[in-house]
Amino acid sequence: MELMSHSSTFLLPTIPPSPTCALVVLNQSLPRFAPLLWKHAQLRLCADGGANRVYDDMPLLLPHENAFDVRKRYKPDVIKGDMDSIRKEVLEFYASMGTKIIDESDDQDTTDLHKCVAYIRDWAPDLDKSNLCILVAGALGGRFDHEIGNINVLCRFSTIRIILISEDCLIHLLPRTHHHEIHIQPTVEGPHCGLIPIGMPSGSTTTTGLQWDLAETEMKFGGLISTSNIVKGEKITKRSRIIFFSPNSEQAKVLLEMVLLQMAIAHVNYRDDH
Ligand SMILES: Nc1ncnc2c1ncn2[C@@H]1O[C@H](COP(=O)(O)OP(=O)(O)OP(=O)(O)O)[C@@H](O)[C@H]1O
Ligand SMILES: Cc1ncc(C[n+]2csc(CCO)c2C)c(N)n1
């Protein structure tokens, strides 16, 4: 089974050379490091009411700059959704600046995030999907039905790397088709993390690098799931690693949650000069 590497370099101020990043902004308060994610992304989308958040919150995150200048600079490439949440003035502002508006109000069976991920998938049909990473800002910590809907998008597009990000943590799927190596960025991530089986029990999982490692352990809802786990302390200058083996192809996909260090994120963001 192939090894898949994960590393949240998009949380650091230096631009990572790869992979290609797309950003989707959802309809929740922008995390304070939103300008950094925006800088790293080659394509920026707002899911319906997410456009209100960019319009309202970006100037608040950059209080020393003129609000109109900030709005002009942080112009989404695409606004897509069923358009029942975006304000008229916001729609008109971005439309007049050349943002592509895609109204899919006819589709009331998929979420606005789903619609945006489908757009990104089709945007670069020739791009090797292992080189694409979709960052989703504002995906967690809000309404529970929306949160679960956002997690369901990870499962529906399980061959695409999608990372759901909130102010406090980020989560991504560890597909059962691969072994996984997770590089922790100790200035912004950890030490807490969780491994959560999703969809069905995870028959047998093995990890190294955690305080409570799993050794061919079954995880399932109603049984053991790995919450409040800790990445084993390594020197802060050294990148920590978790190795995660999923040897049983019948087992569930597993969600990895990494807790984000608030202060360090703020520090990264303050140093960001866009
Ligand atoms: N409170 C929330 N928590 C988590 N995600 C959210 C929340 N609100 C919105 N989202 C995400 O942002 C996207 C766009 O939000 P928006 O409010 O425009 O959606 P919506 O479909 O109009 O929601 P609804 O009609 O259920 O209020 C949603 O598809 C969802 O992925
Ligand atoms: C069984 C079922 N439950 C809920 C909805 C409603 N719904 C799901 S996604 C969506 C679009 C939100 O922008 C809406 C309204 C549905 N269609 N089918």
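Structure summary
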| item | result |
| --- | --- |
| Hits in segment 55-93 (condition: of a type in the set (Phe, Trp, Tyr) and under 24 Å from the mean Cα position of the chain (by Cα)) | TYR55, TYR74 |
| Which numbered condition HIS64 fails, given (1) under 30 Å from VAL254 (Cβ atoms); (2) out of contact with any Lys or Arg (no Cβ under 6 Å at 6 or more places or on another chain); (3) in a loop (DSSP other than H, G, I, E, B) | (1) |
| Residue list for segment 107-138, restricted to those being part of a loop (DSSP other than H, G, I, E, B), touching a residue at least 12 places away in the same chain (Cβ under 8 Å) and away from ligand 1 (no atom under 11 Å from the Cβ) | ALA124, LEU127 |
| Residue within segment 8-28 that is more than 24 Å from TRP123 (Cα to Cα), surrounded by fewer than 17 Cβ atoms within 10 Å (Cβ to Cβ) and within 16 Å of ligand 1 (Cβ to nearest atom) present | no |
| Residue match in segment 1-16 (condition: within 12 Å of the chain's Cα centre (by Cα), in a loop (DSSP other than H, G, I, E, B) and not small (Gly, Ala, Ser)) | no |
| Residue in segment 138-149 that is more than 16 Å from ligand 2 (Cβ to nearest atom) and either within 14 Å of the chain's Cα centre (by Cα) or of a type in the set (Lys, Arg) (or both) present | yes |
| Scan of segment 5-34 for residues that are out of contact with any Cys (no Cβ under 7 Å at 6 or more places or on another chain) and within 16 Å of ligand 2 (Cβ to nearest atom), ordered by number | LEU26, ASN27, GLN28 |
| Selection within segment 35-86 - of a type in the set (D, E, K, R) and in contact (Cβ under 8 Å) with a residue 40 or more places away in the chain | LYS39, ASP48, ARG53, ARG73 |
| Counted residues, segment 41-70 - those being under 25 Å from ILE120 (Cα atoms) and of a type outside the set (A, V, I, L, M) | 11 |
| Qualifying residues in segment 81-106 (those that are surrounded by 12 or more Cβ atoms within 10 Å (Cβ to Cβ) and in a loop (DSSP other than H, G, I, E, B)) - the one nearest to ligand 2 (Cβ to nearest atom) | ASP82 |
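Per-residue answers, yes or no, for (1) assigned to a strand (DSSP E or B); (2) assigned by TED's automatic domain parsing to the domain that holds LEU26:
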{"residue": "GLY149", "(1), (2)": "no, yes"}
{"residue": "ASN152", "(1), (2)": "no, yes"}
{"residue": "THR187", "(1), (2)": "no, no"}
{"residue": "GLY194", "(1), (2)": "yes, no"}
{"residue": "ASP213", "(1), (2)": "no, no"}
{"residue": "LEU224", "(1), (2)": "no, no"}
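The values are calculated or read from the model by the stated rules, or taken from the named source; none is laboratory data. Fair warning: this is a prediction, and the values are worked out from it, not measured in the lab. Cβ sites come from the backbone with ideal geometry, for glycine too, and all protein chains shown count toward neighbours.
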